[in-house]
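The values are calculated or read from the model by the stated rules, or taken from the named source; none is laboratory data. Computed from a prediction, not measured in an experiment: that's the story for all the values here. Positions of Cβ are generated from backbone atoms using ideal geometry, with glycine treated the same way; all protein chains shown enter the neighbour counts. For the accessible areas, the whole protein counts, side chains as well, though only heavy atoms, and no ligand, DNA or RNA atoms are used. Shrake-Rupley method; radii C 1.70, N 1.55, O 1.52, S 1.80 Å.
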Amino acid sequence: MELEPGIMHKAAVLIEALPYIQRFNRKIVVVKYGGSAMVDENLKKQVIQDVVLLKLVGFKPIIVHGGGKEISRWVGKVGMEPHFVGGLRVTDEPTMEIAEMVLNKVNKSLVQLVNELGVKAVGISGKDGMMLRCKKKYSGGEDIGYVGEVTEVDPQIIYDLLEKDFLPIICPTGFDEEFKTYNINADDAACAVATAMKAEKLAFLTDVEGVYRDFNDKESLLSEMTVDEAQTFVDSGTLGGGMLPKLQNCIDAIRSGVSRVHILDGRIPHCLLLEIFTDKGIGTAIFNSAEEERFYHG
């Protein structure tokens, strides 16, 4: 019998994925979803397909999403000018009102995409179930309005949704002691949720390929780092742009109990599957110590 060309390669890909499926079965995976992958409709569908596949093969995925580009678009639509201090959006009361509306719109669009693939999703914010408590966050000592820093996470509502076989999709708003609403950086929210849930994996979808030893040298991509190596990198002062706080979030998450953190290029189709289910991966994986292996060769 003559087999279709390439069919054995498909079988090999599935076999390669098997040990990863076994290892992470019933484990919690938090996906921080943002950047270009939220703007491009094809990429958006592919990310959702990846997350749905993770769930259907036995993982327990949780999506925490941003919406910064969409918020900026709507702020501009109503004739307001977006302002940023140290990379953080200055969020006055009118901007907070727009941000909350936009984030909830994005949230429900992701719920709809998951539902269309036959998996039941529930969209919630950090205010639901009193999940994300926060305090006012400052940028270099400057007041930037209703921007929150997470102080406490009550993950009970997430556990309840997972127990009932729902896929939780979380938008990053929270509240302070006076129950005022705050916008929370989605990276911070994802890190806080992953830490509270003691997640096996936390994956950041970004607009870069991963962490570079030298950003100007595209051949210097680091496929793996220990948390100590990552901290040395942060302390060196060589990181620029948004990678510094992102890498610090990765370090904090691992030191607080998250097993692995992945920084992935969300512009690459099916980047989650390539990183989680293949021996080579495509982004940067950060783990606790040099004694651990990034890949499972069981």
*Within the range 200-218, is there a residue that is farther than 24 Å from Leu14 by Cβ, surrounded by 17 or more Cβ atoms within 10 Å (Cβ to Cβ) and in contact with a Lys or Arg (Cβ under 6 Å, 6 or more places away or on another chain)?*
yes
*asked:* Looking only at the range 22-39, filter to residues that are aliphatic (A, V, I, L, M) and more than 12 Å from Lys55 (Cβ to Cβ); which one of those is farthest from the chain's Cα centre (by Cα)?
replied: Val39
_Index of the failed condition, Thr195 passing every other in (1) hydroxyl-bearing (Ser, Thr, Tyr); (2) open to solvent by 20 Å² or more (accessible area, probe 1.4 Å); (3) closer than 13 Å to Ile63 by Cα_ = (3)
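Would you be able to tell me the number of residues in the range 52-99 that are acidic (Asp, Glu), part of a helix (DSSP H, G or I) and in contact with a strand residue (DSSP E or B) (Cβ under 6 Å, 6 or more places away or on another chain)?
As a first pass, look at the range 52-99 and keep what is acidic (Asp, Glu): 70, 81, 92-93, 97.
Subsequent filtering for residues that are part of a helix (DSSP H, G or I) retains 70, 93, 97.
With the extra rule that they be in contact with a strand residue (DSSP E or B) (Cβ under 6 Å, 6 or more places away or on another chain), the set shrinks to none.
Counting residues in the range 52-99 that are acidic (Asp, Glu), part of a helix (DSSP H, G or I) and in contact with a strand residue (DSSP E or B) (Cβ under 6 Å, 6 or more places away or on another chain) gives 0.
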*Of the residues that sit in the range 281-295 and are part of a loop (DSSP other than H, G, I, E, B) and in contact with a helix residue (DSSP H, G or I) (Cβ under 6 Å, 6 or more places away or on another chain), which one is modelled with the lowest pLDDT?*
Gly281
_Where Ile157 falls short, out of the listed (1) touching a residue at least 40 places away in the same chain (Cβ under 8 Å); (2) over 15 Å from the mean Cα position of the chain (by Cα)_ = (1)
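Do you know which residues across the range 216-230 are free of Cβ contacts under 8 Å to residues at least 24 places away in the same chain and over 12 Å from Thr284 (Cα atoms)?
First, pick out the residues of the range 216-230 that are free of Cβ contacts under 8 Å to residues at least 24 places away in the same chain: 216-220, 229.
Within the range 216-230, Asn216, Asp217, Lys218, Glu219, Glu229 meet the criteria.
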*Any chance the range 100-121 includes a residue that's assigned to a strand (DSSP E or B), at negative phi and open to solvent by 70 Å² or more (accessible area, probe 1.4 Å)?*
no
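Can you report the number of residues in the range 244-269 which are part of a helix (DSSP H, G or I) and under 14 Å from Gly35 (Cβ atoms)? Walk me through how you get there before you give the answer.
Start the filter on the range 244-269 by keeping residues that are part of a helix (DSSP H, G or I), which leaves 244-255.
Imposing the further condition that a residue be under 14 Å from Gly35 (Cβ atoms) reduces the set to 246.
Matching residues across the range 244-269 total 1.
Go through the range 137-188 and tell me which strands (runs of 3 or more DSSP E), entirely inside it, have 3 or more residues that are charged (D, E, K, R), open to solvent by 40 Å² or more (accessible area, probe 1.4 Å) and over 26 Å from Leu117 (Cα atoms).
Values: elements: 142-153, 167-171, 173-175, 181-184.
It comes to 142-153.
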